[in-house]
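Please treat every number below as a calculation from the coordinates, not as lab data. What you see is a predicted model; the values in this text were computed from it and never measured. With ideal geometry, Cβ positions are generated from the backbone for all residues, glycine too; neighbour counts draw on all protein chains shown.
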Amino acid sequence: MRRKPPIPRIIAVAGGKGGVGKSTVAANLAVALGRLGHRVTLIDADLGAANLHTMLGVLNPTTGLGDFLDRRVDTLDALKTPVIVPTLSLVSGSSRPGAANLGKADKLRLLGAIAHLDADCVVLDVGAGSSFTVVDFVAAADHKLVVLTPQLPSLHNAYALLKACVHRVVRRLALDDIEQRLIDAALGHDTRARTIAQLLDVLRPLDPVLAGRIADTLARFGVAIVANQLESAGDAGALARMSPLIHDHLALHAPLVAAIRRSAALAGGLRAGTSNLASGDDTAAAFRKLAQTLLRTDLAELRGA
Ligand SMILES: Nc1ncnc2c1ncn2[C@@H]1O[C@H](COP(=O)(O)OP(=O)(O)O)[C@@H](O)[C@H]1O
Ligand SMILES: [Mg+2]
């Protein structure tokens, strides 16, 4: 009997806000993982504004996620284009109108296809916002990377995205109608339970098993912060303060795993010789270190197996 191939390590790159550097981080992280010898598939799941192909030097992609969503192909492996290093391939995005919010069936089919990819690692650029589509992609990933910049809106949007993910996942942990009602009541507007810590305090006396299941799931949620476009040491310090805040409000462990400075190499100017890929400088080293940090995390532990 053939053994079922393992589900690849799935890394979502999110952030809530546009322009913070999600695509830049996704592309450079995927290249770094590929350079470390891992078979990587980078997916442009930014259904509203796909642009990873440009960053990786593919000017006019001939295939993309639209082919999968329109059922011209059945697997994502059929849409891979090799880029940059032999171990890395790209599944380009879809710019078809109306694709930004997928229906439930399309979303499940796409998530299933991602889990079946023939790869060691999948890097997902999920795009901006906190739509159900973005939230579900992030919730399904082993690693949930949140890209932050020192600008306040990036912090607000990232927090809103994480909160939406936590609420979505927590609601799904109910095993029956009674638990569903307990959770809905504790999360809803008609109670004083504002933070997840408070939600757990409300639930614990009512249903300690359910409260334990929620706490356990959130303890291994796989969130990590990538600080981007840093201009001073103070910037990194300010962003490091997000971790305790996220822990206090959402009961999530969200360490700062990378600090990437603003660099001309990542700026993607039109001048010849510039692109969005780091090479040979400290930003390249930062992406390699990020890749190694993620690879060191035990997948079975993250998945609660
Ligand atoms: N660390 C960085 N240094 C310099 N420019 C950056 C950096 N990160 C991102 N950029 C630039 O910022 C712009 C937005 O980045 P992008 O990755 O497209 O953001 P997002 O995907 O979050 O919308 C791009 O022009 C990109 O080249
Ligand atoms: Mg982008």
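Each peptide among 241-248, 29-36 gets the average number of other Cβ atoms lying within 10 Å of its residues, and from highest to lowest they stand as 29-36, 241-248. Would you please state the base-10 log of I(q)/I(0) at q = 0.14, 0.21, 0.24, 0.28 1/Å for the stretch 190-253, with intensities from the Debye formula using one equal scatterer on every alpha carbon? Debye output, listed in q order: -0.52, -0.85, -0.99, -1.16.
Backbone phi angles across the stretch 211-220, fed through the Karplus curve with coefficients 6.51, -1.76 and 1.60 (θ = phi - 60°), yield HN-Hα couplings of 4, x, 5, 5, 4, 5, 5, 6, 5, 10 Hz in residue order; Gly and Pro are listed as x.
As a ratio to 2.2 N^0.38 Å, the alpha-carbon radius of gyration for the stretch 220-274 is 1.45. Coordinate range of the alpha-carbon atoms in the stretch 118-180 per principal axis, descending: 42, 37, 16 Å.
Looking at the square roots a ≥ b ≥ c of the eigenvalues of the Cα gyration tensor of the stretch 2-45, which shape do they give, rounded for a/c under 1.5, prolate if a/b is larger than b/c, or oblate? Here the stretch 2-45 falls in the oblate category.
Scanning residues 5 or more positions from residue 228 or on other chains, those with amide H under 5 Å from its amide H are 148, 149, 260, with H placed 1.01 Å from N in the peptide plane. For the stretch 10-89, the equivalent ellipsoid derived from the Cα gyration tensor has semi-axes of 19, 17, 12 Å, listed largest first. Residue by residue, the stretch 149-162 carries 3J(HN,Hα) couplings of 10, x, 8, 4, x, 5, 5, 4, 5, 5, 5, 4, 5, 4 Hz when phi is fed to the Karplus relation 6.51 cos²θ - 1.76 cosθ + 1.60 (θ = phi - 60°); x denotes Gly or Pro.
For the chain, go through all pairs of different Cα atoms, get the mean of 1/r, take its inverse, and jot down that Kirkwood value in Å. Across the chain, the inverse of the average 1/r is 19.9 Å. Dividing the Cα radius of gyration of the stretch 179-305 by its Kirkwood radius returns 1.13 for Rg/Rh. Derived scalar couplings between HN and Hα for the stretch 175-187 equal 9, 8, 4, 5, 4, 4, 5, 4, 5, 4, 5, 6, 8 Hz in order, rounded to whole Hz, by the Karplus curve 6.51 cos²θ - 1.76 cosθ + 1.60 (θ = phi - 60°), x for Gly and Pro.
The slack in the chain from residue 293 to residue 77, taken as 0.36 nm per residue of separation less the alpha-carbon distance, amounts to 75.1 nm.
Of all lysines in the structure, those lying under 20 Å Cα to Cα from residue 163, and not within fewer than 8 positions of it along the same chain, are 17, 22, 144. For the stretch 64-135, the normalised intensity computed at q = 0.21, 0.28, 0.29 Å⁻¹ comes to -1.01, -1.59, -1.63 (log10 of I(q)/I(0), Debye sum over alpha carbons, equal scatterers, no solvent). Label separation (residue 175 vs residue 220): 1.8 nm, computed from points 7 Å beyond Cα along the C-beta direction. Fully extending the segment from residue 240 to residue 201 would add 11.3 nm, taking 0.36 nm per residue of separation and subtracting the current Cα-Cα distance. Diagonalising the gyration tensor over the Cα atoms of the stretch 65-183 and scaling each eigenvalue by 5 before taking the square root yields semi-axes of 27, 20, 14 Å, largest first.
Taking one equal scatterer on every alpha-carbon of the stretch 1-157, how large is log10 of I(q)/I(0) by Debye at q = 0.10 1/Å? Taking Cα atoms of the stretch 1-157 as identical point scatterers yields -0.32. Calculated over the stretch 151-231, the projected area of the Cα convex hull averaged across directions stands at 6.2 nm².
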